[in-house]
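Coordinate-derived values only; no laboratory data. Everything numeric in this text was worked out from a predicted model, so none of it was measured. Note that we place each Cβ from the backbone using ideal geometry, even for glycine, and neighbour counts take in every protein chain shown.
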Amino acid sequence: MKFISSKYSVIVVIMLLQAAQIHAFQQPKTSNQKLKTTNQQPKTNNQKLKTILSRIKAPTFPKRDFLVTSYGVKAASVLDSTADAKPALQAAIEDCAKQGGGRVVVPAGEYFVKGALRLRSGVNLHLERGAALRFSVPPADYLPLVLVRWEGTRCMNFSPLVYALNASNIAISGEGTLDGQTEKFWHTWKKLQEPDKTTLRRLGNSPDSVPPAQRIFGEGHFLRPDLVQFHGCRNILVEGVTLKGSPFWTVHPVFCTNATFRNLTIEHGTTNDDGIDPESCKDVLIERCTISTDDDCIAIKAGRDQDAWKSPGTENVIVRNCTFRSGVGSGFCIGSEMSGGVRNVFVENCTISRAAHGIQFKCNRDRGGFIEQIFLRNITMDTCKKGVFVFTTDYHSWRGNLFTTRMSDVYASKISCGFVEQTGIKITGVEGEPIRRIFMEDIDIKQAGKPHDITFAEDVFAKNIMLNDVKSDTEVFRPKPKNQQLKTKN
């Protein structure tokens, strides 16, 4: 079996790798050279993984509880939209922060919350089992405007339903539910948002002309808010709760450091309901989460186009022991908003029951930036529609710029899929900036409409690959001179 690109002239050369040990997150060597990497400090990538984990520590809180029912709100067995719980919840949060931190405890029951909650430093919003916060849907409830990142561009918009700005030591915990109730209203804005989205992207492409604080949206506009956004925060924990019905992205940390997302259940909203989207963040752990969304389950992001070029990227992210299910999106993806750069991402021991794309890295020539040092291992997929691996620097909505993303050094091992309707392995670079150094070992795709489609790629190493029950030896893809015909070396 040979990997052959029908779109780009390549020579397929059979060769053997030295013991790559990709399954241990080791950097492989070719038979005649050692690949250079952007981070030479750890001797192996397992050591790098351990170093990152050693820095990620969940915040702790004083043993001090602030019971919301002490602030004049009653838990109800059924939702009462005439009894607004927001004043009591926010008062408890403010008191907790002023007194040095602790837990704001929400007992079991239904609570109608008319507008956004603002988390403060030192506060753990704790939802006991059976507690449900049902958020209102009138957009005016989410005023005043706050600073957000919306699809990778900074602006002033409606507040996310739960929001924190420049806070530290914050948490949402327990076994209760946050419900954005998007099906009651917010989903209708999907078809109305295009003019505002176009305006915001234009502003982001000239970031020095209009600062973020003057990019005013909100009333009269149609950019949906996230369910939860932490903006510029440190030491974050979200653990145990169920999040559902998000108007837009569900959990969205932006410019954050040291964040842990653990044992979460995320249920679908309607459209653009990504599960967890760390954006321009450092030192992030996502583990033991069950995510079922219409769009991407997890998307690693780093800002959009020129607006993000001077901002931090995302690095040092660990995703492990999670279960994903997506309707039209990806189980795990990077992009497409990644202009600040993404590096040092580890994904292991995950299951994807259904997705359009199992693993997808997506960007285009408007973005710039880089994606590098990505490590994937022990991932099982049941069904994918479009692809098991889809890596592209030619993603849709390209506006004609030539700021090509550099994508390189991706290591994948012990990954299987039962059925993919379209293409097993799809790698699409662009002329002049191919995708480089992709290492795959112990990959088993049992049924694929098309085994592979490789375009504008250099040094794609594959060892012990099964596609449609046909086994492949190690193969390397190299571009051939343009004046040669396509050749295959057996």
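Annotation: extensible slack from residue 192 through residue 354 equals 55.4 nm (criterion: 0.36 nm per residue apart, minus Cα-Cα distance).
Computed from the Cβ-Cβ distance with R0 of 45 Å, the FRET efficiency linking residue 79 to residue 470 stands at 0.20. The distance from the alpha carbon centre of region 274-297 to that of region 322-393 is 11 Å, rounded to a whole number.
Of the options (i) 22.7; (ii) 24.2; (iii) 27.7, only one is mean projected area of the Cα convex hull in nm² as computed from these coordinates, and that is (i). Counted over the chain, the DSSP beta bridges are approximately 10% antiparallel. The Cα atoms of region 56-295 give a gyration tensor whose axes a ≥ b ≥ c have a/c of 1.5 or more with a/b greater than b/c, which makes the shape prolate. Counting only residues at least eight positions apart within a chain, or on another chain, the aspartates and glutamates with an alpha carbon under 17 Å from that of residue 190 are 151, 219, 226, 273, 274, 294, 295, 296. Just name one of 102, 357, 45: the one whose Cα is farthest towards the positive end of the charge dipole of the chain (beta-carbon charges, Lys/Arg +1, Asp/Glu -1). So the residue we want is 45.
Which loop GluC sites (Glu not before Pro) in region 172-237, with loop taken from DSSP, have no more than 16 other Cβ atoms within 10 angstrom of their Cβ? Passing sites in region 172-237 are 219.
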